[in-house]
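J.: Once you've had a glance at the structure underneath, I'll fire off some questions.
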Amino acid sequence: MDVRNCKLCNSLFNYDGNSLCPACRKKMDDKFLEVRQYIYDNPTASMTVVAEENDVPIQQIKRWIREERLSFSKDSGISIECEKCGKPILTGRYCTECRNNMTHSLNKLYASAAPVKKDKKSESAKMRFLGN
Ligand SMILES: [Zn+2]
Ligand SMILES: [Zn+2]
């Protein structure tokens, strides 16, 4: 069993892919709802104010934004950087442009992947075989 220290309270817990123990995870979930409500009520609050008012680290707020659980309005002036080009974005990990580029290269990857073609080929080979 993989046992680790919780990043928040430092207590030991059975590691399951999360860096926080179940208790802290629950606490963070409650915190998340609090923060989301706060942002809803104060759409123009800065990230620092949100962090201070809700007693939650800025890093955690950014993580929620990256996970697309939180998003700020354009009016808030709050943004994080695109992980690829550094352009300011409001939510997620990449800007629209980078995301589009990635979808394109992903599609290309799928298009160049052989399985579909191969299936067709063996299918027609079979038909030819049957035809003969
Ligand atoms: Zn903990
Ligand atoms: Zn970008």
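J.: Determine the alpha carbon to alpha carbon distance for each of 87/108; 27/62; 7/87; 31/62; 26/74; 31/87 and list only those over 19 Å.
T.: Details: 87/108 25 Å; 27/62 17 Å; 7/87 30 Å; 31/62 14 Å; 26/74 30 Å; 31/87 28 Å.
The pairs that break the limit, which is 19 Å between Cα atoms, are 87/108; 7/87; 26/74; 31/87.
J.: Additional query: Just subtract the alpha-carbon distance of residue 99 and residue 41 from 0.36 nm times their residue separation and send over the number in nm, one decimal. The partial results should precede the final answer.
T.: On the way: separation 58, 0.36 × 58 = 20.88 nm, distance 3.02 nm.
So the chain would gain 17.9 nm between residue 99 and residue 41.
J.: Follow-up. Taking R0 as 30 Å, what FRET efficiency do you get between residue 87 and residue 3 from their Cβ-Cβ distance, rounded to the nearest 0.05? Provide the component values of the computation, followed by the final result.
T.: On the way: r = 41 Å, r/R0 = 1.36.
About 0.15, to the nearest 0.05.
J.: In debye to the nearest 20, how big a dipole does the range 3-94 give about its Cα centre with +1 on each Lys and Arg Cβ and -1 on each Asp and Glu Cβ?
T.: Details: 15 positive and 13 negative charges, 84 e Å.
Rounded to the nearest 20 debye, it is 400 debye.
J.: How charged is the neighbourhood of residue 18? Take every other residue with its Cβ under 12 Å from the Cβ of residue 18, and add Lys/Arg as +1 and Asp/Glu as -1.
T.: Working: positive: 4, 7, 25, 26; negative: 2, 16, 29.
Summing Lys and Arg as +1 and Asp and Glu as -1 gives +1.
J.: How much net charge surrounds residue 38 when only the other residues with a Cβ under 13 Å from the Cβ of residue 38 are counted, with Lys and Arg +1 and Asp and Glu -1? Before the final figure, lay out the partial values.
T.: Details: positive: 31, 36; negative: 30, 34, 41, 52, 53, 55.
Summing Lys and Arg as +1 and Asp and Glu as -1 gives -4.
J.: List, in order, the whole-Hz ³J(HN,Hα) value for each residue of the range 7-17 obtained from phi through the Karplus relation with A = 6.51, B = -1.76, C = 1.60 and θ = phi - 60°; use x for Gly and Pro.
T.: 5, 9, 10, 6, 7, 7, 8, 6, 5, 9, x
J.: In addition: With the cut-off at 1.5 for a/c, could you classify the range 1-56 from its C-alpha gyration tensor as rounded, prolate or oblate? Walk me through the numbers on the way to the answer.
T.: Details: a/c = 3.89, a/b = 2.88, b/c = 1.35.
Verdict is prolate for the range 1-56.
J.: Give the shape of the range 3-94 as rounded, prolate or oblate, defined through the alpha-carbon gyration tensor: a ≥ b ≥ c are the square roots of its eigenvalues, a/c under 1.5 means rounded, and otherwise the shape is prolate if a/b is larger than b/c and oblate if not.
T.: Details: a/c = 2.69, a/b = 1.57, b/c = 1.71.
Since a/c reaches 1.5 but b/c is at least a/b, the shape of the range 3-94 is classed as oblate.
J.: Okay, next question. Can you order the peptides 75-82, 53-60 by their average number of other Cβ atoms within 10 Å per residue, highest first?
T.: On the way: 75-82: 15.9, 53-60: 13.5.
Descending packing order for the listed peptides: 75-82, 53-60.
J.: Still on this structure: So how far apart, in nm, are the two label points at residue 20 and residue 110 if each is 7 Å from Cα heading toward Cβ?
T.: 3.4 nm
J.: Calculate, in nm to one decimal, what residue 71 and residue 30 gain on full extension: separation in residues at 0.36 nm each, minus their alpha carbon distance. The partial results should precede the final answer.
T.: Numbers: separation 41, 0.36 × 41 = 14.76 nm, distance 1.70 nm.
Here the answer is 13.1 nm.
Bear in mind that the values in this text are calculations on the coordinates, not laboratory data. Treat the numbers as computed from the prediction; the structure is a model and nothing was measured. Counting neighbours? That spans all protein chains shown, and the Cβs are built from the backbone with ideal geometry, glycine included.
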